[in-house]
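A.B. asks: Here you go, one structure.
Here, each number is a calculation from the coordinates, and none is a lab measurement. Because the structure is predicted, anything quoted here is derived from the model rather than measured. Positions of Cβ are generated from backbone atoms using ideal geometry, with glycine treated the same way; all protein chains shown enter the neighbour counts.
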Amino acid sequence: MGGVSFPLLSDFHPKGKVAESFGLYLADAGITDRATVLIDAGGTIRHISSVGPGGKRDMNELLAMAKKLDAEYEGETKDVAKPEGLPAGSVLFVKSNCIFSRWAQAARANLHLDDLALKNVSEDADAKAELENLGGSHQAPALLVDGEVHYESGAIVQALGERCGIA
Amino acid sequence: MLKEGTTAPDFELGDQFQRKISLSKYRDAQHVLLVFYPLDFTPT
């Protein structure tokens with residue numbers, strides 16, 4: 001899904017509590033129903049349905065409903081997904097054809113960090129030299145934030161998550 | 001299941017970055033699509 005990102009929430013402890021509050025927990029099977037709920041910005045449920053645990057959602061139908069809500073909604077809306085972001089001068093260094101670099105870039109996209117500068121050390125010799133100069137190694141992915149360089153994708157994803165804070 | 005037109009119950013859950021995400025955070029800001037996704041990664 002190009003350009004679409006979303007938080008992945010765990011309804012695990014206590015198990016299925018949120019699903020239950022929507023009447024979507026299948027207690028006998030110990031799982032949630034494969035349900036979809038569209039809630040408008042005012043907090044009202046506009047659509048709620050289930051295709052059953054093994055069913056298939058109709059994406060076109062859902063997209064049409066979302067567009068209809070966008071067009072018809074008269075209340076106030078604003079962007080809250082975009083975090084304050086990272087300090088100016090932060091850079092994410094990546095390299096081409098690298099799964100770890102792709103993970104770091106996925107975290108950047110999922111956290112809506114569009115303002116975080118992205119430099120590819122495989123294509124940009126200056127960026128490679130800059131990274132080596134700053135962190136002592138040109139190993140990518142690497143995250144420069146507050147003058148500190150984080151190497152390893154796990155550490156980068158964690159640092160990005162922490163920077164985007166507790167909502 | 002709850003009926004269309006009723007107010008969605010608020011909740012707060014952790015996401016993949018250990019952030020706490022609540023429905024009320026999106027109130028008067030954005031529409032929300034909740035996609036419940038059972039069965040993957042389970043033995044069922």
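A.B. asks: For the range A:117-167, which residues satisfy the criterion of being within 14 Å of another protein chain (Cβ to nearest Cβ), in contact with a strand residue (DSSP E or B) (Cβ under 6 Å, 6 or more places away or on another chain) and of a type in the set (G, A, S)?
C.D. replies: Answer for the range A:117-167, where residues must be within 14 Å of another protein chain (Cβ to nearest Cβ), in contact with a strand residue (DSSP E or B) (Cβ under 6 Å, 6 or more places away or on another chain) and of a type in the set (G, A, S): A:A159, A:A167.
A.B. asks: Something else about it: Give A:D79, A:D40, A:D70, A:D58 a once-over and let me know the one that is of a type in the set (D, E, K, R) and over 20 Å from B:A29 (Cβ atoms).
C.D. replies: On the way: A:D79 fails: over 20 Å from B:A29 (Cβ atoms); A:D40 fails: over 20 Å from B:A29 (Cβ atoms); A:D70 fails: over 20 Å from B:A29 (Cβ atoms).
Of A:D79, A:D40, A:D70, A:D58, the one residue that is of a type in the set (D, E, K, R) and over 20 Å from B:A29 (Cβ atoms) is A:D58.
A.B. asks: Every residue in the range A:43-62 that is at the interface with another protein chain (Cβ under 10 Å from one of its Cβ atoms), more than 19 Å from A:T32 (Cβ to Cβ) and not in a strand (DSSP E or B), please.
C.D. replies: A:G43
A.B. asks: Of everything in the range A:17-30 that's of a type outside the set (D, E) and surrounded by fewer than 20 Cβ atoms within 10 Å (Cβ to Cβ), which residue is farthest from the other protein chains (Cβ to nearest Cβ)?
C.D. replies: To start, the set of residues in the range A:17-30 that are of a type outside the set (D, E) comprises A:17-19, A:21-27, A:29-30.
Those still in the list that are surrounded by fewer than 20 Cβ atoms within 10 Å (Cβ to Cβ) too: A:17, A:21, A:23, A:26-27, A:29-30.
Working: A:K17: 8, A:S21: 4, A:G23: 4, A:L26: 8, A:A27: 13, A:A29: 7, A:G30: 8 Å.
Only one residue tops the list, namely A:A27.
A.B. asks: I'd like to know if the range A:91-99 contains one or more residues that are in contact with a His (Cβ under 9 Å, 6 or more places away or on another chain) and under 30 Å from B:Y26 (Cα atoms).
C.D. replies: Taking every residue of the range A:91-99 in turn, none turns out to be in contact with a His (Cβ under 9 Å, 6 or more places away or on another chain) and under 30 Å from B:Y26 (Cα atoms).
A.B. asks: Further, regarding this structure: State which residue is farthest from the other protein chains (Cβ to nearest Cβ) when the search covers only chain B and only residues that are of a type in the set (F, W, Y) and assigned to a loop (DSSP other than H, G, I, E, B).
C.D. replies: Initially, chain B is screened for residues of a type in the set (F, W, Y), giving B:11, B:17, B:26, B:36-37, B:41.
Going one step further and asking which of them are assigned to a loop (DSSP other than H, G, I, E, B), we end up with B:11, B:17, B:36-37, B:41.
Working: B:F11: 4, B:F17: 3, B:F36: 5, B:Y37: 7, B:F41: 11 Å.
Across chain B, the extreme among qualifying residues is B:F41.
A.B. asks: Going by the structure shown, is A:K78 within 13 Å of chain B (Cβ to nearest Cβ), among the basic types (K, R) and part of a loop (DSSP other than H, G, I, E, B)?
C.D. replies: Working: within 13 Å of chain B (Cβ to nearest Cβ): yes; among the basic types (K, R): yes; part of a loop (DSSP other than H, G, I, E, B): yes.
Considered against the rule, which asks whether it is within 13 Å of chain B (Cβ to nearest Cβ), among the basic types (K, R) and part of a loop (DSSP other than H, G, I, E, B), A:K78 comes out as yes.
A.B. asks: Working only within the range A:63-75, note down all residues that are within 19 Å of B:L23 (Cα to Cα) and part of a helix (DSSP H, G or I).
C.D. replies: Start the filter on the range A:63-75 by keeping residues that are within 19 Å of B:L23 (Cα to Cα), which leaves A:66, A:69-70, A:73, A:75.
Hits for the range A:63-75 are A:A66, A:L69, A:D70.
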